[in-house]
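Novice: Pasting in a structure now, in structure tokens, and then I'll have a few things to ask.
The values are calculated or read from the model by the stated rules, or taken from the named source; none is laboratory data. As the structure is a prediction and not an experimental result, all values here were calculated from the model. These accessible areas exclude ligands, DNA and RNA; they are computed on the full protein's heavy atoms, side chains included. Shrake-Rupley method; radii C 1.70, N 1.55, O 1.52, S 1.80 Å.
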Amino acid sequence: MAIEWKPIENIKEGEILGEDLYDKSSFNVLLAKGTRITKDKIEILRSREILWLPIETKEKPSDELEKIKSSIDFDQELIKNEEPIAAGVKLSIQEEMYQNFIDSFKDISRELKIGEKIDPTPIQRTVGVLVDEMMTQKEFVVNLFRKHPSGYLYKHGINTAILSLMIGITLSMSRYHLVPLAQSAVFHDIGLMLLDDPNYVDIGKMTEREKLLQHTAIGYKVLSTSGTIDNREVLDAILEHHEKYDGSGIPLGKAKDDINFYAKVIQIADAYDSLTSTTSEALKMSPYQAIKWILSRAGKDYDPYVVNNFLKVVGMYPTGTRVKLSNGKSGMVLRSSGVGLLVPVVVVEDKIVDLSKDKSIWIEAVIY
């Protein structure tokens, strides 16, 4: 079955929800996937100001999508994207700045790996430039996901930093807090490059999964002992970015307000980039699927308040999402309109259409 988002006034009794439906303020599930719509349920949804519903359609999904669904557990696997998510759409930051960031990150990462004395000045300078660039942007286009076949760790750190800054700015964080947020994001997975180093991991006794679970603690240790980072909040964010809101995360089992706030932001940006960019182990998840994956974990893995502000950045239809419109045409989402989660700005036949302003057109379905 495919899914079509329909305005509530067009819903007929007996239609079936194609996805879980969430309360937009609390992120609790109001109606579960598979629920048959009744008149009473429609009235309840109207009272909660929920005006669009994901409805099952009889359109048969593609063979490719069926293969993806049958070959992975969406609750466990991280997903990749074979191509740039929105080719032709402007980038979040200029390519030259992006490459400078990669070069600085590569240099300091190599020095960390071979145990040399670290001069953190270049990466600090680059982070400052990135923060200033992001703070001057009037709108966010979340097209930052370059291919990751090589240099994954560097690009993932940068992508996570960019998206973390978008969330942080939406949260009205000052530059004083945005700089350490970006530093935390850049280095959050640095421990992954040391999983085969006997100085940090008991190679002979640990399984690959056990080693992987050590990466947050390894990153914390190598960055603090090398003098790369001396900000305790940044180090704690790196250590805690896999803690979970319900207390079931690693390595300390912290929950809710006990988790470092930078870590709460980073873990959502980290997940979104991991879910939508290329790795060597996983399959493809579209930006739209990634949003639903993260939303379904609000209040469990992620802080609902931070998820809410993440949605303000990307909307329910992130940059690169291909959509079918009510006028029969297809388009690609450029960015959030900033007005509502379901009315983005869309590129249609080389023309830009702001669905928050043109009320005669709406999104009927997501094209997978």
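Novice: Extension gain residue 119-residue 327, at 0.36 nm per residue separation less the Cα-Cα distance, in nm?
Specialist: Full extension of this stretch gives 69.2 nm more.
Novice: Take every DSSP beta bridge with both residues inside region 295-357 and express the antiparallel ones as a percent of the total, to the nearest 5.
Specialist: If I count the DSSP bridges inside region 295-357, around 90 percent turn out antiparallel.
Novice: Now a separate question. Please list 277, 337, 172 from largest to smallest accessible area, probe radius 1.4 Å, with all protein chains kept in place.
Specialist: Ranked list, largest accessible area first: 172, 337, 277.
Novice: Moving to a separate point now. If DNA, RNA and ligands are ignored and the probe is 1.4 Å, what is the ranking of 36, 209 by accessible area, most exposed first?
Specialist: Most to least solvent-accessible, the answer reads 209, 36.
Novice: Can you give me the long-range amide H partners of residue 327? Hydrogens built in the peptide plane at 1.01 Å from N, cutoff under 5 Å, separation of 5 or more residues or another chain.
Specialist: 362
Novice: From the phi of every residue in region 254-263, what ³J(HN,Hα) in whole Hz does the Karplus formula 6.51 cos²θ - 1.76 cosθ + 1.60 yield, where θ is phi - 60° and glycine or proline is x?
Specialist: 6, 9, 6, 6, 6, 7, 3, 5, 4, 4
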